[in-house]
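Chemist: Mind looking over this structure? Questions follow.
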Amino acid sequence: MKIILSHDVDHLYWQEHYFKDLYLFGTVFRNTKGLIKGDIDFKLYLKRLKCWGRIHRLVELSNFYGKNNIKANFFFGMSNALHLSYKYRSVTSHVNKLISEGHKVGTHGISFSNARQIDLEYRRFKEISNLNAFGIRNHYLRLNGYTHNLFDQQGYLFDSTIESIMHPFKINDMWEIPISIMDASLVVDSQLNQNLEIWKSNTLLKLEKAIKSQIPYFVINFHDPFFSEDFPVIKEWFIWLVNFFKKESYIFITFEEAVKELNGIN
Ligand SMILES: [Zn+2]
């Protein structure tokens, strides 16, 4: 079993949320609730209420990967919905920098049912990345019965929107490579849960299940803003996780390399 590290880029800056959505109110509400319940302390609460400036932690993650000599997958939104509110062109420099560092990039899909909208997102990503082949993962993992067929017809190389410990499977020419662990669903109240031991033990349970199921790829979905001192426990968990895989001699690969292996071309 090999490891794929992947990141959905949902936010760049706080400013993109001021007049477009209710993300700021959601953040204040969630953390106030967490403070009252005693999940987070006042110091952390104040840190998280600083709702201006940069949200993304792409620079920090790319530095971390550079030091560890690891390549990962990053997915970028090409239209807006559900708190993803940046303009698609504003990710161009990040996309190009990550490509130049050897990482792989793809679409963080918004549409899951409208062929015209799916085509627009695909063409936008092609335009800013200059890539001919890339994959997709949908925002909020939204899928319906024919999303995979639409993605396949669009020409996507792979999808990774299903969250489940299961084998990759093919939809005509396109591979679905499911997510094994996602930060937001690994523990209850992920942004408030400060119990690192629960994060670790739930991870090891999933890993055990994956080993038993003999799946070829263990896929992590980690949201880059958590690679920050505003989320010390989630950041520490992710660093622990990568170090754990290294210590256990797991090999890190990208979805693109996994697709080549699955297609039998090495
Ligand atoms: Zn997302």
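Chemist: Looking at the stretch 1-12, I want the residues that are closer than 11 Å to Phe75 by Cα and have a partner that is of a type in the set (S, T, N, Q) with Cβ atoms under 6 Å, at least 6 apart or on another chain. Which pairs are those?
Modeler: Ser6/Asn73; Ser6/Asn221
Chemist: Also, I was wondering about something else. Is it the case that some residue within the stretch 215-234 is of a type in the set (A, V, I, L, M, F, W, C), in a strand (DSSP E or B) and open to solvent by 40 Å² or more (accessible area, probe 1.4 Å)? Outline the logic, then answer.
Modeler: Step one: filter the stretch 215-234 for residues of a type in the set (A, V, I, L, M, F, W, C), giving 215, 218-220, 222, 226-227, 231, 233-234.
Going one step further and asking which of them are in a strand (DSSP E or B), we end up with 218-220.
Still in the list and also open to solvent by 40 Å² or more (accessible area, probe 1.4 Å): none.
Taking every residue of the stretch 215-234 in turn, none turns out to be of a type in the set (A, V, I, L, M, F, W, C), in a strand (DSSP E or B) and open to solvent by 40 Å² or more (accessible area, probe 1.4 Å).
Chemist: Could you please give the count of residues in the stretch 173-200 that are in a helix (DSSP H, G or I) and surrounded by fewer than 18 Cβ atoms within 10 Å (Cβ to Cβ)?
Modeler: Final tally of qualifying residues: 6.
Chemist: Yes or no: Lys170 part of a helix (DSSP H, G or I) and either charged (D, E, K, R) or in contact with an Asp or Glu (Cβ under 9 Å, 6 or more places away or on another chain) (or both)?
Modeler: Values: part of a helix (DSSP H, G or I): no; either charged (D, E, K, R) or in contact with an Asp or Glu (Cβ under 9 Å, 6 or more places away or on another chain) (or both): yes.
Spelling it out, it is not the case that Lys170 is part of a helix (DSSP H, G or I) and either charged (D, E, K, R) or in contact with an Asp or Glu (Cβ under 9 Å, 6 or more places away or on another chain) (or both).
Chemist: Residue under question is Ser160, and the condition is that it be among the polar types (S, T, N, Q), open to solvent by less than 40 Å² (accessible area, probe 1.4 Å) and more than 19 Å from Met78 (Cα to Cα); does it hold? Talk me through it step by step, then tell me what you get.
Modeler: Numbers: among the polar types (S, T, N, Q): yes; open to solvent by less than 40 Å² (accessible area, probe 1.4 Å): yes; more than 19 Å from Met78 (Cα to Cα): no.
Spelling it out, it is not the case that Ser160 is among the polar types (S, T, N, Q), open to solvent by less than 40 Å² (accessible area, probe 1.4 Å) and more than 19 Å from Met78 (Cα to Cα).
Chemist: Would you be able to say whether some residue in the stretch 65-82 is assigned to a loop (DSSP other than H, G, I, E, B), exposed (fewer than 14 other Cβ atoms within 10 Å of the Cβ) and touching a residue at least 12 places away in the same chain (Cβ under 8 Å)? Write out each step before concluding.
Modeler: First, pick out the residues of the stretch 65-82 that are assigned to a loop (DSSP other than H, G, I, E, B): 69-72, 78-80, 82.
Pick out the ones that are also exposed (fewer than 14 other Cβ atoms within 10 Å of the Cβ) and you get 69, 82.
Then keep just the ones that are touching a residue at least 12 places away in the same chain (Cβ under 8 Å); that gives 82.
Yes; the residues of the stretch 65-82 include at least one that is assigned to a loop (DSSP other than H, G, I, E, B), exposed (fewer than 14 other Cβ atoms within 10 Å of the Cβ) and touching a residue at least 12 places away in the same chain (Cβ under 8 Å).
Chemist: I've got another one for you. Every residue in the stretch 88-123 that is within 16 Å of the ligand (Cβ to nearest atom) and in a loop (DSSP other than H, G, I, E, B), please.
Modeler: Ile110, Ser111, Phe112
Chemist: Which numbered condition in (1) more than 30 Å from Phe151 (Cα to Cα); (2) assigned to a helix (DSSP H, G or I); (3) open to solvent by less than 40 Å² (accessible area, probe 1.4 Å) is the only one that Lys246 fails?
Modeler: Of the numbered conditions (1) more than 30 Å from Phe151 (Cα to Cα); (2) assigned to a helix (DSSP H, G or I); (3) open to solvent by less than 40 Å² (accessible area, probe 1.4 Å), the odd one out for Lys246 is (3).
Chemist: Counting residues that are within 16 Å of the ligand (Cβ to nearest atom) and open to solvent by less than 90 Å² (accessible area, probe 1.4 Å), which helices (runs of 4 or more DSSP H) fully inside the stretch 1-63 reach at least 3?
Modeler: Working: elements: 15-18, 23-37, 42-48.
It comes to 23-37.
Conditions tested, residue by residue: (1) of a type in the set (Gly, Ala, Ser); (2) at pLDDT below 95; (3) in contact with a His (Cβ under 9 Å, 6 or more places away or on another chain); (4) closer than 30 Å to Lys212 by Cβ.
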{"position": "Lys2", "(1), (2), (3), (4)": "no, no, no, yes"}
{"position": "His11", "(1), (2), (3), (4)": "no, no, yes, no"}
{"position": "Leu49", "(1), (2), (3), (4)": "no, yes, no, no"}
{"position": "Gly53", "(1), (2), (3), (4)": "yes, no, no, no"}
{"position": "Ser62", "(1), (2), (3), (4)": "yes, no, yes, no"}
{"position": "Phe75", "(1), (2), (3), (4)": "no, no, yes, yes"}
{"position": "Tyr86", "(1), (2), (3), (4)": "no, no, yes, no"}
{"position": "Ser93", "(1), (2), (3), (4)": "yes, no, no, no"}
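Chemist: Suppose the filter is more than 17 Å from Lys235 (Cβ to Cβ), in contact (Cβ under 8 Å) with a residue 24 or more places away in the chain and either among the polar types (S, T, N, Q) or out of contact with any strand residue (DSSP E or B) (no Cβ under 6 Å at 6 or more places or on another chain) (or both); does Thr27 pass it? Even if it seems obvious, please write down each step before you answer.
Modeler: On the way: more than 17 Å from Lys235 (Cβ to Cβ): yes; in contact (Cβ under 8 Å) with a residue 24 or more places away in the chain: yes; either among the polar types (S, T, N, Q) or out of contact with any strand residue (DSSP E or B) (no Cβ under 6 Å at 6 or more places or on another chain) (or both): yes.
Yes; evaluated as a whole, the condition is true for this residue.
Chemist: Considering only the stretch 130-155, how many residues are open to solvent by 10 Å² or more (accessible area, probe 1.4 Å) and touching a residue at least 12 places away in the same chain (Cβ under 8 Å)?
Modeler: Start the filter on the stretch 130-155 by keeping residues that are open to solvent by 10 Å² or more (accessible area, probe 1.4 Å), which leaves 130-133, 140-146, 148-150, 152-155.
Applying the additional criterion that residues be touching a residue at least 12 places away in the same chain (Cβ under 8 Å) yields 131, 133, 140-144, 146, 148-150, 152-155.
Number of matching residues: 15.
The values are calculated or read from the model by the stated rules, or taken from the named source; none is laboratory data. Remember, predicted model here, so these are calculated numbers, not experimental data. All Cβ positions, glycine included, derive from the backbone under ideal geometry; neighbour counts span all protein chains shown. When the accessible area is computed, the model is the full protein with side chains, heavy atoms only, and any ligands, DNA or RNA have been set aside. Shrake-Rupley method; radii C 1.70, N 1.55, O 1.52, S 1.80 Å.
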